[in-house]
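Since the structure comes first, as C-alpha cells, the remarks are kept for the end.
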Amino acid sequence: MIKHWANLRTSGTIMPSSRFLVNRLLAGIDFADARVIVELGVGTGCVTREILRRMRADARLVSLEINPAFLDVARRIGDPRLTLRNACAGDLLRVLGEEGVDDVDAVVSSLPLRIMDQALVDRVLDASRACLHPDGRFHQYQYSLSHYAKLAERYAEVDIGFTVRNAPPAFVYTCTGATRAAPGEVRLRPSVAAVYAGALAAATMVIRAVHDI
Ligand SMILES: C[S@@+](CC[C@H](N)C(=O)[O-])C[C@H]1O[C@@H](n2cnc3c(N)ncnc32)[C@H](O)[C@@H]1O
C-alpha cells in the first residue's frame, strides 16, 4: 500500500487523510439532499468510503483519480453508486458529459493544488465551479493557505476550517456561491476586499485551531 504513496509528485502526501480531516472536509455537505457528488483525487479511498457511507441510497458519486495503482485499491469498494474514472481532474467536464451528469451538488477535492501545474489548477477550479449547482459547494483541503485567493476569486464565500488532528495538520476550504460561468473565463485578480477577507479568515482559523472547533 505504502508504495502507492511513493509518487509524491502527484499524491502530495505520504499518509491518507485522518478521520478528523475527512469529517471536517465533508461537514458542509447536505447528504440528505445531495444527488450527485464529485470527488477529485481518490487515493486509497478514505474520503470516498466516508462519502458513500453518508450518501443517499439513490445518490451518485463520480470519483476521478489519475494514478491507476490507487484505482486498483479503490475498485475493491464495489459500491454500485460509485463511478471510478482513471482521469485527470482537468478533464472533469468531459468526464461528466460522458457520464450524463450536468448538475453537481458538491465537489470534494483532495488534489495537491500547491505542487500541481498552476494552469491545470485553474482548469480544475473553473471546471468544478462550472459543473456545480448554484447552491452547490466546493470542498478542498490543503496544508497551507496558498490557494485561498484562487478560491476567493471564484466563490462568493470561502470558509476556512483547520484541524491539527491530521499528519500534517490541514486547512479545509468550504466554498459557496458558485456562478455558472464558463470554464476558463477571465476573472478579476483578488481585490483588497478579498485580501482583507483572507486576513479575517486566517484569524478565525487560529481561534478554531486553538479550540479545535
Ligand atoms: C493527497 S492525495 C489524497 C488521497 C485521499 N483522497 C486522501 O485524502 O487521503 C491526492 C490524490 O490526488 C491524485 N491526483 C493528483 N493529481 C491529480 C489529477 N490531476 N487528477 C486526478 N487525480 C489527481 C493523486 O494521485 C492522489 O491520489
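Bear in mind these aren't lab numbers, they're just calculated from the coordinates by the rules spelled out. Keep in mind that what you see is a predicted model, and the values were worked out from it rather than measured. Here Cβ is always computed from backbone atoms with ideal geometry, including for glycine, and neighbour counts include all displayed protein chains.
Principal axis lengths of the range 1-153 from Cα atoms, whole Å, largest first?
37, 36, 31
Hey, rough spin-label estimate for Gln118 and Arg94, points 7 angstrom out along Cα→Cβ, what's it come to in nanometres?
According to this spin-label approximation, the distance is 2.5 nm.
Roughly how far apart, in whole Å, are the Cα centres of the range 50-101 and the range 112-165?
Value for the Cα centre distance between the two parts: 19 Å.
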